[in-house]
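Engineer: After the structure tokens below, expect a handful of questions from me.
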Amino acid sequence: MKNLLFLGLALIVPATLSGIAHAEVVSAAERPAIESAKASRSLLVDIAYAGKRLVAVGERGHVLFSDDQAKTWRQSKVPVSVMLTAVYFANAQEGWAVGHNGVILFSSDAGESWVVQRSDKNADDERAGSPLLDVWFADNQNGFVVGAYGYFLATNDGGLTWSDKSSAINNPEGLHLNAISGVRDGIAVVAGERGVLWRSFDNG
């Protein structure tokens, strides 16, 4: 379950690479997040339960977790320093976080440490460097990620491989896909800009 505790509010505006050196964008996806006592006061934009643990993500690659219902927080070890925009746990241990530069992170220990499953550092796609904005898994193997400019990625092996499934959505204008969520009975919904919704009846 997501967004059970409100930690911060941010307007995530998809950015292009205009005026930004590609090397600078790439370096953030390769540079670990700085561990800092001030991390708990940084901008956090999403939160999820990993079992009874709360895990929150935000700017500079910061991931924080709490085992006492948000009374105290500890910082996770994260291999990137890009803005992280969303987090989702399929069960008490396995979770995914997504963010700018096409970054997808995976944790197998309830958010305490993370590894990179995917980033745009070697991509030639015109969307490379654009933010991923949400992530949802039907179970610990089958998941989806949505983002700016019609980004729509899928995995059926727990994130070991990700494939572009943008053509599965009727989105010829490349509208930003802002959120994805399972509803019930195999129904999943993707929300995009201009008030557009897409619905799946088979878990995506």
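The values are calculated or read from the model by the stated rules, or taken from the named source; none is laboratory data. Computed from a predicted model, the values in this text were never measured in an experiment. For neighbour counting, all protein chains shown are included, and Cβ atoms are generated from backbone atoms with ideal geometry for every residue, glycine included. All accessible areas refer to the heavy atoms of the entire protein, side chains included, with ligands and DNA or RNA removed. Shrake-Rupley method; radii C 1.70, N 1.55, O 1.52, S 1.80 Å.
Engineer: Please determine whether any residue of the stretch 82-101 is among the acidic types (Asp, Glu), farther than 22 Å from ARG31 by Cβ, modelled with pLDDT of 95 or more and open to solvent by less than 30 Å² (accessible area, probe 1.4 Å).
Structural biologist: From the stretch 82-101, those among the acidic types (Asp, Glu) are 94; that's our starting set.
Next cut, farther than 22 Å from ARG31 by Cβ only: 94.
Okay, now just the ones that are also modelled with pLDDT of 95 or more, so 94.
Imposing the further condition that a residue be open to solvent by less than 30 Å² (accessible area, probe 1.4 Å) reduces the set to none.
For the stretch 82-101, residues among the acidic types (Asp, Glu), farther than 22 Å from ARG31 by Cβ, modelled with pLDDT of 95 or more and open to solvent by less than 30 Å² (accessible area, probe 1.4 Å): absent.
Engineer: Where the second residue is surrounded by fewer than 20 Cβ atoms within 10 Å (Cβ to Cβ) and not in a loop (DSSP other than H, G, I, E, B) and the first is touching a residue at least 12 places away in the same chain (Cβ under 8 Å) and hydroxyl-bearing (Ser, Thr, Tyr) and lies in the stretch 86-106, which pairs have Cβ atoms under 8 Å and are six or more apart or on separate chains?
Structural biologist: Pairs found: TYR88/LYS2.
Engineer: All but one of (1) part of a loop (DSSP other than H, G, I, E, B); (2) open to solvent by less than 20 Å² (accessible area, probe 1.4 Å); (3) of a type outside the set (Phe, Trp, Tyr) hold for ASP134; which doesn't?
Structural biologist: Of everything listed in (1) part of a loop (DSSP other than H, G, I, E, B); (2) open to solvent by less than 20 Å² (accessible area, probe 1.4 Å); (3) of a type outside the set (Phe, Trp, Tyr), ASP134 misses just condition (1).
Engineer: Provide a single number: the residues in the stretch 50-81 that are surrounded by fewer than 17 Cβ atoms within 10 Å (Cβ to Cβ) and either part of a loop (DSSP other than H, G, I, E, B) or not basic (Lys, Arg) (or both). Please lay out each step first, then the result.
Structural biologist: Step one: list which residues in the stretch 50-81 are surrounded by fewer than 17 Cβ atoms within 10 Å (Cβ to Cβ), which gives 51-52, 67-72, 74, 77.
Those still in the list that are either part of a loop (DSSP other than H, G, I, E, B) or not basic (Lys, Arg) (or both) too: 51-52, 67-72.
The number of residues fulfilling the criteria is 8.
Engineer: Among the residues of the stretch 29-44, write down those that are surrounded by fewer than 21 Cβ atoms within 10 Å (Cβ to Cβ) and either of a type in the set (Gly, Ala, Ser) or in contact (Cβ under 8 Å) with a residue 12 or more places away in the chain (or both). Steps first, please.
Structural biologist: At the first step, the residues of the stretch 29-44 found to be surrounded by fewer than 21 Cβ atoms within 10 Å (Cβ to Cβ) are 30-32, 34-38, 40-43.
Matches in the stretch 29-44: GLU30, ARG31, PRO32, ILE34, GLU35, SER36, ALA37, SER40, SER42, LEU43.
Engineer: Would you mind listing the strands (runs of 3 or more DSSP E) fully within the stretch 145-204 where at least 2 residues are under 22 Å from HIS100 (Cβ atoms), in contact with a strand residue (DSSP E or B) (Cβ under 8 Å, 6 or more places away or on another chain) and not basic (Lys, Arg)?
Structural biologist: Details: elements: 152-155, 177-182, 188-192, 197-200.
Passing ranges, in order: 152-155, 177-182, 188-192.
Engineer: For the stretch 60-75, which residues satisfy the criterion of being in contact (Cβ under 8 Å) with a residue 40 or more places away in the chain and over 12 Å from the mean Cα position of the chain (by Cα)? Can you show your working first?
Structural biologist: Initial filter on the stretch 60-75 (in contact (Cβ under 8 Å) with a residue 40 or more places away in the chain): 63, 65, 70, 75.
Within the stretch 60-75, PHE65, ALA70, GLN75 qualify.
Engineer: Continuing with this model, one more query. Give the residues of the stretch 169-204 that are at pLDDT below 90 and of a type in the set (A, V, I, L, M), sorted by residue number.
Structural biologist: Correct list: VAL183 only.
Engineer: Considering (1) surrounded by fewer than 17 Cβ atoms within 10 Å (Cβ to Cβ); (2) closer than 21 Å to PRO79 by Cα; (3) not aliphatic (A, V, I, L, M), say which one ASP139 fails and leave the rest.
Structural biologist: So the condition that ASP139 fails would be (2).
Engineer: Can you find a residue in the stretch 153-174 that is touching a helix residue (DSSP H, G or I) at 6+ places or on another chain (Cβ under 8 Å), in contact (Cβ under 8 Å) with a residue 60 or more places away in the chain and open to solvent by 20 Å² or more (accessible area, probe 1.4 Å)?
Structural biologist: Looking through the stretch 153-174, none of the residues is touching a helix residue (DSSP H, G or I) at 6+ places or on another chain (Cβ under 8 Å), in contact (Cβ under 8 Å) with a residue 60 or more places away in the chain and open to solvent by 20 Å² or more (accessible area, probe 1.4 Å).
Engineer: Confirm whether ASP125 is at pLDDT below 95, out of contact with any strand residue (DSSP E or B) (no Cβ under 6 Å at 6 or more places or on another chain), part of a loop (DSSP other than H, G, I, E, B) and open to solvent by less than 10 Å² (accessible area, probe 1.4 Å).
Structural biologist: no
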